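Just below is one structure, and these are the notes that go with it.
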Amino acid sequence: MGVVCFGYLLAHSCLLSSALAAVVSTLTSSPLFLLAAAAVVVISGLIVLFLALRGAAKQRQADRLRDRRRAKSTPIQPAKSQWGQPAKGQRSQPAINLRDAALWEAPQPPAARARWSQDQWDQPPLEQVPPRPSSGGLLPGTQLQRRYRIERALAAGGMGAVYQAYDLNLLHPCAVKEMLERFTSDEERQQGLTWFKREARMLLNLQHAAIPRIFDSFTEQDRHYLVMDLIEGRTLADVLKQEGQPRGLPEGRVRRWAIQLCGVLSYLHGQQPPVIFRDLKPQNIMVTGRDEIKLIDFGIARAFQEGTGTLVMTPGYAPLEQVGGNPEPRSDLYALGATLYQLLTLRNPRENKPTIFDFAPLSHLRPDISQEFAAILFKAVQREPRDRWASAAEMGHALQQIERRAGN
Ligand SMILES: Nc1ncnc2c1ncn2[C@@H]1O[C@H](COP(=O)(O)OP(=O)(O)OP(=O)(O)O)[C@@H](O)[C@H]1O
Ligand SMILES: [Mg+2]
């Protein structure tokens, strides 16, 4: 830049001096001065041209460098196959960086977006950010009811999320389950909300060591929440995945879980009216570090799906009568049997052949399992409810007998 200024000054002074020489040559009538003036004009013209060309070349080089640096600092144009074609009438998406990618996935309303505070932008890159539901999740630091401070997402799905939170009133950690609505009419919404309130009230009254206590429920910004004990543990599905290779979990451990599960089912079925869990499966059972069982997910979230919660079930774990719309306490025993089969064999009951209701004899898949234990499970998964155990208490009693024998 300095060189360019100096050049322009030089050219300027040359022009001035040539004008002076022209004046002197006119006054003295000497052609020598006129020649000198012409030479100075030509030289200064050349200097100006040279400097202009050099300045333009430098500018081009600087532009190229800046572009290269920008390209390195991550603005990534998402590949069309990854993000989908822009919808008709929608402008194509601008270049974004990876951290914005999660926001692109699900456009959020302005209010929800405003929940991203500045320090959230300084969070670790996307791979380390907890999963967020497609509807847009709550951020760490968000307060609900001015009482529950969200700490992190534990799980997220299309229907909502479960968060680890901190109760600022009672000063202890808790879990907050968020549920989103999927109603298609006002009538459905009314029905769903009534169902939610009734179920929440029912859960508030349950007291059992294997059931996380629900101690609050509320609705905020069209999202519905349950606040409950935080369980420090893993789902049985995770335990199976992590420790079940190559052919399933050990009999003794599964049997001790089965006894606990019979205990909690017996408690639920003993309520007036009986509480049928309806969706027992490895994903809905957690186990703590001390191998204590906890039942999660009482299906209350289904109140917010179309219709009401009558369709709570998972194929493979739900017996025929439940699929037909008539669940009863023994339906839970079938689901318990299916769950225990899976923990021992790694096989999802959905893959049962010839139909999902046909369980192969355990001795084929796990010859090391004791005959008594196999017989207890086989009785639990009978098609007809009358051929199963009469109650969870009866099944639990049979399991305890083997447990005692195994302990001797
Ligand atoms: N009380 C809790 N403490 C700790 N983690 C929990 C608790 N409740 C749920 N979770 C975690 O959240 C996950 C999902 O919970 P849950 O099964 O209740 O919801 P879901 O199956 O996603 O929802 P839906 O009610 O729609 O079936 C669980 O697998 C578990 O990892
Ligand atoms: Mg679940």
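What does the C-alpha gyration tensor say about the overall shape of region 337-396? Classify as rounded when a/c is under 1.5, otherwise prolate if a/b is larger than b/c, or oblate. Oblate. Treating r as the C-beta distance of residue 358 and residue 207 and R0 as 41 Å, the FRET efficiency rounds to 0.60. Were the residues from residue 241 through residue 155 laid out at 0.36 nm apart, the gain over their Cα-Cα distance would be 29.3 nm. Name the shape class, rounded, prolate or oblate, that the alpha-carbon gyration tensor gives for region 233-405, where a ≥ b ≥ c are the square roots of its eigenvalues, rounded holds for a/c under 1.5, and otherwise prolate holds if a/b is larger than b/c and oblate otherwise. Taking the square roots of the gyration eigenvalues as a ≥ b ≥ c, region 233-405 is rounded. Between residue 42 and residue 323, full extension at 0.36 nm per residue minus the direct alpha carbon distance yields a gain of 91.3 nm. Report note on the peptides 240-248, 350-358, 272-280: ranked by the mean count of other C-beta atoms within 10 Å, highest first, their order is 272-280, 240-248, 350-358. Using the structure shown, select from 177/379; 241/353; 294/353; 197/379 the pairs with a Cα to Cα distance greater than 26 angstrom. Beyond 26 Å between Cα atoms: 177/379; 294/353; 197/379. Using the average count of surrounding beta-carbon atoms within 10 Å as a protection proxy, the listed peptides 399-407, 138-146 rank, highest first, as 138-146, 399-407. Need the C-alpha centroid separation for region 219-274 versus region 277-293, integer Å. Result: 1 Å between the Cα centres.
Packing, as the average of other Cβ atoms within 10 Å across residues, places the peptides 158-166, 365-373 in the order 158-166, 365-373, highest first.
Readers should treat all values here as calculations from the given coordinates under stated rules, not as data from a laboratory. All values reported here derive from a predicted model rather than from experimental measurement. Every residue, glycine among them, receives a Cβ derived from its backbone with ideal geometry; neighbour counts consider all protein chains shown.
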